[in-house]
Amino acid sequence: MPALLDLIEAGRPVEHHAPGRRAVVAPKTWNLAVEQLAAGRWSLLGLWGEPETVHMALLDEAREIGVISLPCPGGRYPSVGLRHPPALRLERAAADLFGLLPQGLPDTRRWLDHGQWGVTHPLAAQPGAAAAASSYRFLPAEGESLHQIPVGPVHAGIIEPGHFRFTASGEIVVRLEERLGYVHKGIEGLMAGSPVDRAARLAGRTSGDSTVAYALAFARAVEAALGVEVPPRAVWLRALMAELERLANHLGDIGAICNDAAFALMHAHCGVLRERVLRAGNAAFGHRLMRDRIVPGGVEGDLNEEGTTAIRSAITEIRQRFPHLVELYDNTASLQDRTVATGRLKTELARQYAAGGYVGRASGRDFDARRSPGYAPYDELAFDVPVLQEGDVNARVWIRVREVEQSLSLVEQILERLPRGSVRVDIAEAVGRHAGWPREGMALVEGFRGDMLVWLRIGETGLVERCHLRDPSWFQWPLLEAAIEGNIVADFPLCNKSFNCSYSGHDL
Amino acid sequence: MALIFELAVQGAQMVLVLVLAPLLTGFVRKVKARLQRRQGPPLIQPYRDLLRLMRKEVVLADNASWLFRVIPYLIFAATWVAAALVPTFATGLKFSWTADLIAIVALLGSARFFLALAAMDVGTSFGGIGASREVMIASLAEPAMLLIVFSLALVAGATQLSTVAAFMASPDVGLRVSLGMSLIALVMVAIAENARIPVDNPATHLELTMVHEAMVLEYSGRHLAMIEFATFLKLLLYVSLISCVFIPWGLAIAGAGPQSLVVGAVAYAGKLAVCGILLAVFETAIAKMRVFRVPDFLGAALMLALLGTLLLFVSRSL
């Protein structure tokens, strides 16, 4: 059994890649890695394209992370999705954007490209002419008394667009197929060739509810590429923002899940608590969602005494009121009846898809990027990573509840031990120093949904040459299809909300 | 002169239900909002909604038949008649002889039948889902309702509401277990019929969980206004029905003077408020049940009503 490092050793290592290593490998080594994935020994962290090259980020059994790249002249490479299904949609997306053709890919339908771009393969060296829009063929599900229910992309409520095609037998869902890509904004295309600060703002706009996590991941990748050391106070402030974002989103989610079971009381109370966190964020950092506060090189603006007080009072209030809400959730039989045993996700699937966040942890996958590979300042902070085995909606709610408690404690610890000093170093100087050498950086950050991966290359001129952002939802959306099977149609909103995958972050 | 007065009172009742129905829904929404620590929309918001919808253009699907356009008016008319028949503040009105429980059940049943037809008319999948769920609910709610009617008829000796209400207000009625069971069964049926939590959620935006809302998804403009109005009227109808049969105190009896009519009106307003608050509290404290649990819920109502009827037979023969 090879380790990831051996594989990278066998290839041609790339200079200036940090942290971890990247190697250009031969097709044989590539296939060896696919074998490890298919056998379930390694996890796929991401797969993305570049003109004439395809990259794959991997996590091996020793929790070692590395990137292998396969040059593919002619745009052909051996498919990963053929033997490891989690890569399917990533390969289809890379095919749409770069025209890279995975050999043997079982599903060759377009994914992000809906025939509306006016061009095909927009990020390839030579984009193709516009293709005629073809109708999307949903996978067939045939049998007696089966009927189809198309839902979306425009929904009755004001939510993001996505199409769901249900095949149901009466009320029981036999198959669900998703079609996404309606909110493709071309972020990776916009980033290519833009200066670092502009790219950072773009990264922060990938998915509104995870703007802090995206900005943090991007900033850390840039700093890794340029070898910039961020002042300690900035590192701690970043963690503070990330935990506040996690708190706000988890509180909102817990309420929203209950609301989908028509239990509006929880929604209202959780909404109040979420609002307290957002206002504290506004008071402390000048923006409710703390957008554009984390920049490569540090953070924008320092935390003053007033902001600290605002955060402390919000935390105190949540500490007082949240336990009562948890009790209400736990003691409402009618609500428990809806969430327990609904939308069960099998442990094996969660492991195979390397599902991050509450989706994975509610199904027994013990992984948290804050702990492993880990990043500052979490190595100095005390926190638990809750893991449950049930994998149902109820388990996903409980993981969120436990994470809220952990985040409250983390915020308190951070405020307690916040170092003094400057909060930003000038990144422009580092960019200038490294001009002439392409440098690559990578970061894995735990957002509220799960681990998100950012990989980028800063070119010789100091501009971002290629940046790939992989949302945790890439590996969670397919699991939703599996989790809903055998449930009733009317339980889908509940399951969907308990996954709460990002449309925007996925469609990019 | 007496005839004109009686006609005026009857007319007042018909207008009253029309005027009060949106207010009751607005009131329930307001109480629910306050319970959730929200300000909530003003009480008159349902009136504004109706006005807004009436002014809006109607958007019709290409394949909508004439039935689809006619049905909203049919539903509104049937529900209005049914709601106007139930004694609100006075019994023994001019047309009270038509206020038969079975007639009311039949009127509501036809309204439902037409709505389910309209839902399937355009051929969207949500309409189909909504119609099939609604009919599933109705197939249990209607027998339960009829059994409740039988119980009441056995106790009061008539299915005519004025007579039932007069009997229930009299001291002859006594404390009966059957009546208690009927009351619980009627409340359960009322919750299901009015698409309230835990059977359906009137405020949901999730198209896959809807029952009533799924059926009317394709409606817009004045058509939707008619259907919404019918929904408001239906809630008022059930609240009036429960209060006139089980809490009949304060009802003005046949041939009463203006003074007792005023007393009846005030009592009626009080009953509506109490029932509205109870409904809001109940809806706040409970989550919606799975669609497949609804038959259990209504099955319990059916069983209670059946037990109530059986108990009456048993107690009579002894």
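Where a number appears in this text, it was derived from the coordinates with a stated rule and is not lab data. Computed from a prediction, not measured in an experiment: that's the story for all the values here. Don't worry about glycine lacking a Cβ; one is built from the backbone with ideal geometry, like all the others, and counts go over all protein chains shown.
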Calculate how steeply helix B:45-55 sits against the longest principal axis of the alpha-carbon atoms of chain B, using the helix alpha-carbon long axis, and give the answer as 0 to 90 degrees to the nearest 10. 50 degrees
Over all residues in A:263-275, what is the mean tally of Cβ atoms on other chains that come within 10 Å of each residue's Cβ? 4
Would you please report the Å³ per residue occupied by the convex hull of the alpha carbon atoms in the range A:61-105? 87 Å³
How large is ³J(HN,Hα), in whole Hz, for each residue of the range B:66-77 in order, when computed from phi with the Karplus curve 6.51 cos²θ - 1.76 cosθ + 1.60 and θ = phi - 60°, using x for Gly and Pro? 4, 4, 4, 7, 7, 4, x, 6, 4, 4, 4, 4
Using 1/(1 + (r/R0)^6) with R0 = 22 angstrom and r between the beta carbons of A:LEU190 and A:ASP379, what's the FRET efficiency to the nearest 0.05? 0.05
Taking r as the C-beta separation of A:ALA341 and B:PHE5 and R0 as 51 Å, the FRET efficiency to the nearest 0.05 is 0.20
About the Cα centre of the range A:1-69, how large is the charge dipole given +1 on each Lys and Arg Cβ and -1 on each Asp and Glu Cβ? Please answer in debye to the nearest 20. 20 debye
Suppose only helical runs count, i.e. DSSP H with n ≥ 4. What mean residue ellipticity at 222 nm does that imply for chain B under -39500 (n - 2.57) per run, divided by all residues and rounded to the nearest 500 deg cm²/dmol? -24500 deg cm²/dmol
Dipole-positive endmost among A:GLY40, A:LEU5, A:VAL24 within the range A:4-103 (Cβ charges, Cα centre): A:GLY40
Could you size up the charge dipole of the range B:1-160 around its Cα centre, putting +1 on the beta carbon of Lys and Arg and -1 on that of Asp and Glu, and report it in debye to the nearest 20? 900 debye
Search the structure for amide H atoms under 5 Å from the amide H of B:ASN201, placed 1.01 Å from N in the peptide plane, and list their residues when 5 or more places away or on another chain. B:VAL211
Counting chymotrypsin sites (Phe, Trp or Tyr not before Pro) as exposed when in a DSSP loop with at most 16 other beta carbons within 10 Å, what is the longest stretch of chain B free of them? B:96-248
Filter B:LYS30/B:LYS271; B:LYS56/B:LYS234; B:LYS234/B:LYS271 down to the pairs with a C-alpha to C-alpha distance above 20 Å, please. B:LYS56/B:LYS234
Kindly identify the range A:404-505 as rounded, prolate or oblate by the Cα gyration tensor criterion: order the square roots of the eigenvalues as a ≥ b ≥ c, call it rounded if a/c is under 1.5, otherwise compare a/b with b/c, prolate if a/b is larger, else oblate. oblate
Intensity falloff of the range B:94-165 expressed as log10 I(q)/I(0), Debye formula with alpha-carbon point scatterers, at q = 0.12, 0.16 Å⁻¹: -0.43, -0.65
Spacing of the two label points (7 Å from each Cα toward its C-beta) at B:VAL281 and A:GLU64, in nm: 6.6 nm
Provide the FRET efficiency to the nearest 0.05 for the B:ILE184-B:LEU60 pair, computing r from the beta carbons and using R0 = 56 Å. 0.85
Percent breakdown of C-alpha pair distances by 10 Å bin, ordered from the shortest bin, for the range A:116-269: 8, 21, 27, 25, 15, 3, 0
Using only DSSP helix segments of four residues or longer, with each worth -39500 (n - 2.57), what per-residue ellipticity at 222 nm results for chain A after dividing by its residue count and rounding to 500? -12500 deg cm²/dmol
Restricting to Cα pairs below 8 Å that are 6+ residues apart, what does the relative contact order work out to for chain B? Please round to a whole percent. 30 percent
Rg/Rh (Cα only; Kirkwood hydrodynamic radius) as it applies to chain B: 0.97
Set Lys and Arg Cβ to +1 and Asp and Glu Cβ to -1, take the dipole of chain A about its Cα centre, and tell me which of A:VAL272, A:GLY298, A:TYR353 lies farthest positive. A:GLY298
If one puts a single equal scatterer on every Cα of chain A and applies the Debye formula without solvent, what log₁₀ I(q)/I(0) results at q = 0.08 Å⁻¹? -0.49
Give me D for the range A:235-388 in µm² s⁻¹, whole number, from Stokes-Einstein with Rh from the Kirkwood sum over alpha-carbon pairs, 10 °C and 1.306 mPa s. 91 µm²/s
Once the dipole of the protein assembly as shown is set up from charges on Cβ (+1 Lys and Arg, -1 Asp and Glu), the residue from the list A:VAL454, A:ILE158, A:VAL423 lying farthest towards its positive end is A:ILE158
On average, how many beta carbons from a partner chain sit within 10 Å of the beta carbon of a residue in B:289-295? 4
Over the Cα atoms of the range A:1-151, how large are the radius of gyration and the largest Cα-Cα distance (Dmax), in Å? 17.5, 60
If each residue's Cβ is checked for other Cβ atoms within 10 Å, how do B:SER65, A:SER79, A:SER363, B:SER243 rank with the fewest at the top? B:SER65, A:SER79, B:SER243, A:SER363
Amide H contacts under 5 Å for A:THR53, restricted to residues at least 5 apart in sequence or on another chain and with H modeled in the peptide plane, are A:CYS72
Note down the magnitude of the dipole of the protein assembly as shown about its Cα centre, charges +1 on Lys and Arg C-beta and -1 on Asp and Glu C-beta and zero elsewhere, to the nearest 20 debye. 1340 debye
Give me B:HIS205, A:HIS55 sorted ascending by neighbouring Cβ count inside 10 Å, so fewest comes first. B:HIS205, A:HIS55
Could you check what % of the DSSP bridge pairs in the protein assembly as shown are antiparallel, to the nearest 5? 85 percent
Cut-off is 10 Å between beta-carbons; in what order do A:ASP330, A:ASP96, B:ASP296 appear when sorted fewest neighbours first? B:ASP296, A:ASP330, A:ASP96
Taking every residue in B:204-217, how many Cβ atoms of other protein chains lie within 10 Å of its Cβ, on average? 5
Based on alpha-carbon centroids, what's the gap between the range A:60-100 and the range B:113-127 in Å, whole number please? 47 Å
Cross-link reach list, lysines versus A:LYS346, counting only Cα pairs under 29 Å and skipping chain neighbours closer than eight places: A:LYS497, B:LYS288
Tell me, Kirkwood radius of the range B:259-318 from alpha-carbon pair distances, in Å? 15.2 Å
Where GluC sites (Glu not before Pro) in DSSP loops with at most 14 other Cβ within 10 Å are excluded, longest remaining stretch of chain A: A:230-459
If eta is 1.002 mPa s and T is 20 °C, what Stokes-Einstein diffusion coefficient results for the range A:357-458, Kirkwood Rh from Cα pairs, in µm²/s? 133 µm²/s
